[in-house]
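Have a look at the structure below, then the notes.
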């Protein structure tokens, strides 16, 4: 039984009038989408696009799957899977109760139950937000990392998989055996050509299990790509307290986000899909130009802000962008990366870049630089190294990108400019930290990390780009973040 002071279906009708409520009965939903990696982003983005459609199409409810921990399930189960989504900007906050979830399963606790729901004919789409490291891929080749211990486990125990490629391969095998058409797999992670990447790792793991299964996955399963954009910072205790006060009941795990949202999707769903275009999604034939625009402008800027901010002591994106020299540098970084984009006609790139700076400055979000700094080895190849390579091939230098990479290298040393220890949360943390500790000077640090071809493309390690990174490293060590940014703004820095 739900608690009277807890958000739930029982307490929904008693919420304050200004709180948005589902326009459908959450108890009537059926699962049509299974979402792997049910974190805050999916609950603020996928759910927001789907919720308005469920009154007319209740068969598109979303079953969440947690790959590791039970905390989200444990928080939302007593609430009948309801939670608040708070949209915040400088003008205030609007709160809506989301009721799109039909439940949450936890893979380590119930792998058989997860596979059963994935194999269910009612499941027509599987969506993913598992972060870059969830694909078990070699970042240099975008191929399946066959030496990953988790991948080896799934090959040895195909009916008890723990990885995303393993779960999808097992479920698709079960559907094929039962004569059930395969679901579409929609990656919503910040990866270039995320559909192609997902197809590559899943079909390879399937082929290692059974060559016929691998051919089936590669040839018969739809893996549309998409680009998602919405800033969703981690929920803090202060956020929970404020939202609870607004609701008048307790919500154990609300989410908060900015008003802006964008979703561009390749329209390939053989078993059907929700009418997402009615809630603002753009359905296109090729999403790659939009992916590149977001990765190389928004996400690259976020990474640069994160590492410079961690070094300088700026705890949030908004605090960093409030510094005029940092804001000017980010504008320069975006201009540099924008030269590598090939966009469809009608895209207003100047307006997009201006809007990004305004979104970064949103003081209501408190998007932590420490959160964005996670998993740099997985994020930087597509955010910073890819545009640097494109500029190299065009005979152009990339000094702004080089400064962002230098900030990451300096971050790997684990100490901010004021002596505060910096945490390194990265799947390659041991290799990177060992390289940083063994490096006696900045050149040795650059050389050690640039010698890791699965992270840094070898072409960049032997190019002028490496010289620009070393120059920026020395500059950061000599002058500190604030002076370096001021010098670059004023045109006095050495590239």
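No lab work stands behind these numbers, since they all come straight from the coordinates. Remember, it's a predicted structure, so these values are computed and weren't measured experimentally. Every residue, glycine as well, gets a Cβ built from its backbone with ideal geometry; the counts of neighbours run over all protein chains shown.
Relative to the longest principal Cα axis of the chain, at what angle does helix 211-220 sit, 0 to 90 degrees, rounded to 10? Relative to the chain, helix 211-220 is tipped by roughly 90 degrees. Once the Cα-Cα distance is subtracted from the 0.36 nm per residue extended length, the residue 433 to residue 347 segment shows a gain of 26.9 nm. In this entry, the range 287-332 is assigned a mean projected area of 3.2 nm², taken as a quarter of its C-alpha convex hull surface.
Which residues does a label at residue 462 reach in the range 361-400, if reach means a backbone N under 16 Å from a point 7 Å past the Cα toward the Cβ? Residues passing the 16 Å test: 389, 392-393.
Projected label points at residue 335 and residue 212, each 7 Å from Cα along the beta carbon direction, are separated by 6.0 nanometres.
In degrees, nearest 10, range 0 to 90: what is the angle between the Cα axis of helix 194-209 and the longest Cα principal axis of the chain? Result, in degrees: 70.
Over 10 Å intervals from 0, what percent of Cα-Cα pairs in the range 375-495 sits in each interval? So the P(r) values, bin by bin, are 13, 47, 34, 5, 0.
Rounded to the nearest 0.05, what FRET efficiency do residue 74 and residue 370 have when you use their Cβ-Cβ distance and R0 = 25 Å? So the FRET efficiency works out to roughly 0.50. By the compact-protein rule of thumb, 2.2 N^0.38 Å, the alpha-carbon radius of gyration of the chain corresponds to a ratio of 0.98. Of 133, 16, 379, 294, the sequence from fewest to most neighbouring Cβ atoms within 10 angstrom is 16, 133, 294, 379. Would you calculate the separation in nanometres between label points at residue 59 and residue 138, each defined as 7 Å from the Cα along the Cα-to-beta-carbon direction? Each label point lies 7 Å from its Cα, and together they span 4.3 nm. Each eigenvalue of the Cα gyration tensor of the range 288-490, multiplied by 5 and square-rooted, gives one semi-axis; in descending order these are 24, 21, 15 Å. Residues within the reach of a label modelled at residue 260 (point 7 angstrom out along Cα to beta-carbon, backbone nitrogen below 17 Å), restricted to the range 308-327, are 317-323, 327. Compared with the direct C-alpha span, the chain from residue 162 to residue 146 gains 4.3 nm at full extension, assuming 0.36 nm per residue. Taking the square roots of five times each eigenvalue of the Cα gyration tensor of the range 9-284, the equivalent ellipsoid has semi-axes of 32, 18, 18 Å, listed largest first.
Placing a pseudo-label 7 Å from each Cα along the Cα-to-Cβ vector at residue 418 and residue 27 gives an inter-label distance of 5.3 nm.
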